[in-house]
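S.K.: The following block contains the structure, expressed as structure tokens.
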Amino acid sequence: RSKELGRKRFELFDATLAKNVIDVLALEGELRKALQHDQFEPYFQPICQLDGGRVLGYEALIRWNHPLRGLLQPADFLRIAEDSGLIEVIDWRMFELSCQLLLQYASDDTFLTLNVSALHLRHADFDTRLIQLLERTGLPPSRLVVEVTEGALLDNPERVRATLERLRVIGVGAALDDFGTGYSSLSYLHSLPLRILKIDRAFVQELDKGANTSSTTVVAAILALARALNIQVIAEGIETEIQRAALTAMGCDMAQGYLIGRPSPIAFWLESRAAGA
Ligand code: C2E
Ligand code: MG
Ligand code: MG
Ligand code: MG
């Protein structure tokens with residue numbers, strides 16, 4: 001309820017749509033203040049085994065606890081955070097908090113996935129900084145997966161490949177996020193050291209329409225390709241039992257979506273485990 005209120009109030013000053021320079025500058029100022037006052041919080045969405053339902057890991061998703069406007073979603077502020085470059089500092093804060101919270105609350109065999117904006121991958125020292133973060137927080141590299149989008153590859157696919165390769169060597173995994181929506185070129189798939197491919201929710205949602213749709217064919221083809229390349233697959237945005245059943249039948253490995261669990265503060269997952277849910 002408070003979330004709805006927050007969103008309504010926010011419409012008076014809409015960031016996404018920051019239509020003019022004043023709005024953008026005001027929001028940038030607020031983002032800086034939010035950093036100073038530590039108003040960003042990772043929410044965690046479980047990633048489960050499709051066949052069996054065990055929680056294998058969590059994706060960290062940023063939220064902004066705004067003192068006046070309530071809980072803000074990435075769509076409300078991420079664009080401006082990226083355009084202003086502030087996303088870099090914000091992300092490093094998010095990464096640090098996410099590692100700490102996972103270590104503190106989740107069981108030892110779960111992994112953490114972090115969304116890495118394309119800007120990070122332009123820095124030659126991204127992987128070094130990430131390794132330092134792992135050392136500082138104590139999260140074993142094998143428990144970390146970085147999520148990149150196809151867009152991040154456009155810029156300089158060779159540099160991204162090299163960075164992901166250096167991370168792979170120390171045990172950090174890489175996932176290709178929103179697969180199928182971008183500039184999918186199958187040629188780079190096998191050249192990237194990917195552990196996981198995430199099928200975009202757009203395809204998953206189409207599965208409700210039945211087995212004889214083009215989406216079913218596309219998902220089956222993605223699964224076959226991933227299997228051939230020895231890459232695991234997470235289906236994103238599962239909302240219905242029909243989608244879950246279809247994906248299980250097609251042999252997809254992992255599932256994520258509102259049907260299984262919404263992004264929530266880490267303590268929520270602890271409580272639901274204690275309650276035997
Ligand atoms: P994404 O990485 O593809 O994350 C999945 C988005 O789908 C999340 O939206 C999640 O809340 C939402 N989602 C999950 N399950 C369902 C479902 O069953 N149905 C529907 N309709 N949606 C579902 P969210 O949290 O708003 O994040 C949006 C995007 O913002 C993310 O897309 C990611 O690209 C970006 N993002 C989120 N957190 C961070 C962050 O800390 N740093 C950076 N750089 N980007 C982030
Ligand atoms: Mg993601
Ligand atoms: Mg995604
Ligand atoms: Mg996305």
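Bear in mind that the values in this text are calculations on the coordinates, not laboratory data. From a predicted model like this one, the values you see are computed outputs, not experimental measurements. Note: ideal-geometry Cβ built from the backbone for every residue, glycine included; neighbour counts use all protein chains shown.
S.K.: Identify the chymotrypsin sites (Phe, Trp or Tyr not before Pro) of segment 173-272 meeting these criteria: DSSP loop state and at most 11 other C-beta atoms within 10 Å of the C-beta.
M.R.: TYR183
S.K.: So, one more: Let me know the whole percent of all Cα-Cα pairs from segment 110-197 that are separated by more than 18 Å.
M.R.: 36
S.K.: In addition: Which parts of segment 155-170 would a label at SER142 reach, counting a residue when its backbone N lies under 16 Å from a point 7 Å out along Cα-to-Cβ?
M.R.: Label zone hits: 168-170.
S.K.: Separate question: I'd like to compare 66-73, 53-60: which one has the highest average count of other Cβ atoms within 10 Å, and what's the full order after that?
M.R.: 53-60, 66-73
S.K.: Moving on to the next point. Hey, could you pull the Cα Rg and Dmax for segment 99-153, both in Å?
M.R.: Calculated on Cα positions, Rg and Dmax stand at 12.1, 33 Å.
S.K.: What is the distance, in nm, between label points placed 7 Å from the Cα along the Cα-to-Cβ direction at LYS209 and at ARG54?
M.R.: It is 3.6 nm.
S.K.: Give the shape of segment 28-167 as rounded, prolate or oblate, defined through the alpha-carbon gyration tensor: a ≥ b ≥ c are the square roots of its eigenvalues, a/c under 1.5 means rounded, and otherwise the shape is prolate if a/b is larger than b/c and oblate if not.
M.R.: The shape class here is oblate.
S.K.: When the Kirkwood radius is taken over all Cα pairs of the chain, what Stokes-Einstein diffusion coefficient follows at 25 °C and 0.890 mPa s, in µm²/s?
M.R.: Translational D for this selection: 125 µm²/s.
S.K.: Give me the distance in nm between label points sitting 7 Å out from Cα along the Cα-to-Cβ direction at ILE131 and LEU103, one decimal.
M.R.: Roughly 1.8 nm, to one decimal.
S.K.: Compute the distance in nm between two label points, each set 7 Å from the Cα along the Cα-to-Cβ direction, one at HIS37 and one at ARG262.
M.R.: In this crude spin-label approximation the distance works out to 2.5 nm.
S.K.: Taking a temperature of 10 °C and a viscosity of 1.306 mPa s, what whole-number D in µm²/s does Stokes-Einstein yield for segment 40-95 with Rh from Kirkwood over alpha carbon pairs?
M.R.: The Stokes-Einstein estimate is 124 µm²/s.
S.K.: Farthest toward the dipole's positive end in the chain, which of ALA228, GLN39, ILE266, given Cβ charges of +1 (Lys, Arg) and -1 (Asp, Glu) about the Cα centre?
M.R.: Of the options given, the answer is ILE266.
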